[in-house]
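Input: a single structure, listed below in structure tokens.
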């Protein structure tokens with residue numbers, strides 16, 4: 001087991017033992033934000049035939065010059081198809097999106113024409129192809145619709161619906177068990193007795209897991225458990241989950257027991273401790289096919305550890321690129337502390353008329369929760385960096401997107 005390693009090394013150790021989860025088939029209407037397990041291609045042209053872009057009249061190539069009178073063969077309503085091909089001197093009324101008769105060269109908008117006694121007249125030339133949606137204009141048969149490893153967006157749902165998909169193969173959502181190890185921690189919806197603390201980390205992690213595509217299958221507390229019971233409980237969690245997140249007890253104090261408990265439960269620990277603040281008291285390992293990540297009990301340290309270590313694991317399990325998005329932005333305020341340790345500050349990232357700007361949020365102690373509600377970015381301050389000044393360019397990791 002490695003100790004006190006950098007964040008990237010810790011993340012790589014975890015990702016080396018991760019494989020995408022098996023695929024499953026889900027109904028299209030339940031596929032939003034799921035990750036495709038296969039390339040999806042068009043099985044027909046879209047549009048599947050030439051269609052009108054406007055309500056109007058289809059015109060033959062011989063009649064494009066205008067200044068003549070055309071006989072209206074029929075007027076198609078939405079959903080109706082032409083009964084015959086178009087011939088010179090004739091026209092057919094068509095609806096927006098409706099199929100065009102064979103040999104239609106253009107469509108005259110309804111408002112650019114006049115009709116009387118089943119005759120159509122127009123007085124201006126119209127170019128070939130005007131107001132026509134050609135067959136295959138959007139997609140040709142065989143074109144890629146959505147690539148494997150893409151997260152399905154609302155637009156993706158609509159696209160697949162246009163090609164008649166009723167279901168889709170996606171990677172299974174990672175099952176995540178969250179276990180709070182602090183004996184003083186109680187569920188958030190109970191009244192604490194003296195010496196007890198309501199849990200905020202568990203509900204926060206559950207929300208983050210589900211935001212990132214995982215499925216939180218349990219939020220549990222060991223308060224009142226004996227060691228043998230804890231060991232059995234951990235065994236059961238490893239059996240049910242793809243990822244186990246433990247919270248608290250990750251430091252090296254007298255009552256910190258996370259490392260010992262995980263080892264007793266059979267986990268092979270890959271690392272313990274990372275060179276970053278907050279979140280230095282984080283560890284990771286594996287038991288059979290289940291990954292385990294131990295996070296700090298301090299709220300901001302817990303969240304930082306999640307974004308740096310657990311979120312990449314969840315992405316990898318879903319067939320996504322695990323690496324974080326890293327950008328630069330102008331810092332809109334200052335932070336007085338430098339230091340020898342690499343630091344990740346909670347920030348608020350926005351893009352305005354002057355480009356990307358990030359604000360360091362108040363409440364940066366690892367025990368404080370003030371910055372969490374508005375946080376959408378981590379701001380990296382390298383080891384040895386002087387205090388951040390307003391206007392400095394900083395490295396930013398967008399989160400919670």
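The values are calculated or read from the model by the stated rules, or taken from the named source; none is laboratory data. The shown structure was predicted, so the numbers you read here are calculated from the model rather than taken from an experiment. Reconstructed Cβ throughout: ideal geometry from the backbone, glycine too, with neighbour counts over all protein chains shown.
Looking only at segment 370-396, which residues are touching a residue at least 60 places away in the same chain (Cβ under 8 Å), under 22 Å from residue 7 (Cβ atoms) and part of a loop (DSSP other than H, G, I, E, B)?
Taking segment 370-396 and keeping what is touching a residue at least 60 places away in the same chain (Cβ under 8 Å), we get 371-372, 375, 378, 383, 391-396.
Add one more test, that the residue is under 22 Å from residue 7 (Cβ atoms), and what stays is 371-372, 375, 378, 383, 392-396.
Result: 371, 372, 375, 383, 392.
Within segment 272-302, being in a strand (DSSP E or B) and farther than 22 Å from residue 214 by Cβ holds for 272, 273, 277.
Answer yes or no: is there a residue in segment 128-140 that is assigned to a loop (DSSP other than H, G, I, E, B) and either closer than 28 Å to residue 399 by Cβ or free of Cβ contacts under 8 Å to residues at least 24 places away in the same chain (or both).
Initial filter on segment 128-140 (assigned to a loop (DSSP other than H, G, I, E, B)): 128-131, 134-138, 140.
Now narrow it down to the ones that are either closer than 28 Å to residue 399 by Cβ or free of Cβ contacts under 8 Å to residues at least 24 places away in the same chain (or both): none.
Among the residues of segment 128-140, not one is assigned to a loop (DSSP other than H, G, I, E, B) and either closer than 28 Å to residue 399 by Cβ or free of Cβ contacts under 8 Å to residues at least 24 places away in the same chain (or both), which makes the answer no.
Just checking, which of 75, 33, 51, 11 is at positive phi and surrounded by 13 or more Cβ atoms within 10 Å (Cβ to Cβ)?
Working: 75 fails: at positive phi; 51 fails: at positive phi; 11 fails: at positive phi.
Step by step, each of 75, 33, 51, 11 is checked, and only 33 is at positive phi and surrounded by 13 or more Cβ atoms within 10 Å (Cβ to Cβ).
Inspect segment 36-47 for any residue being within 30 Å of residue 267 (Cα to Cα), out of contact with any helix residue (DSSP H, G or I) (no Cβ under 8 Å at 6 or more places or on another chain), crowded, with 17+ Cβ neighbours inside 10 Å and not assigned by TED's automatic domain parsing to the domain that holds residue 273 and give the result as yes or no. The answer is yes; a qualifying residue exists.
Taking the stated definitions as given, is residue 35 within 30 Å of residue 153 (Cβ to Cβ) and touching a strand residue (DSSP E or B) at 6+ places or on another chain (Cβ under 9 Å)? Considered against the rule, which asks whether it is within 30 Å of residue 153 (Cβ to Cβ) and touching a strand residue (DSSP E or B) at 6+ places or on another chain (Cβ under 9 Å), residue 35 comes out as yes. Checked against the criterion of being closer than 16 Å to residue 54 by Cβ, in contact with a helix residue (DSSP H, G or I) (Cβ under 8 Å, 6 or more places away or on another chain) and surrounded by fewer than 17 Cβ atoms within 10 Å (Cβ to Cβ), segment 126-135 has at least one qualifying residue.
As a summary of the residue check, residue 89 satisfies the conditions (1) out of contact with any strand residue (DSSP E or B) (no Cβ under 8 Å at 6 or more places or on another chain); (2) surrounded by 12 or more Cβ atoms within 10 Å (Cβ to Cβ) except for the one numbered (1). Within the set 72, 92, 18, the sole residue that is farther than 30 Å from residue 166 by Cα and not in a strand (DSSP E or B) turns out to be 18.
Which members of segment 95-125 meet the condition of being in a loop (DSSP other than H, G, I, E, B) and farther than 19 Å from residue 49 by Cβ? Write out each step before concluding.
Step one: of segment 95-125, the residues in a loop (DSSP other than H, G, I, E, B) are 95-98, 100-103, 113, 117-118, 123-125.
The answer is 113, 117, 118, 123, 124, 125.
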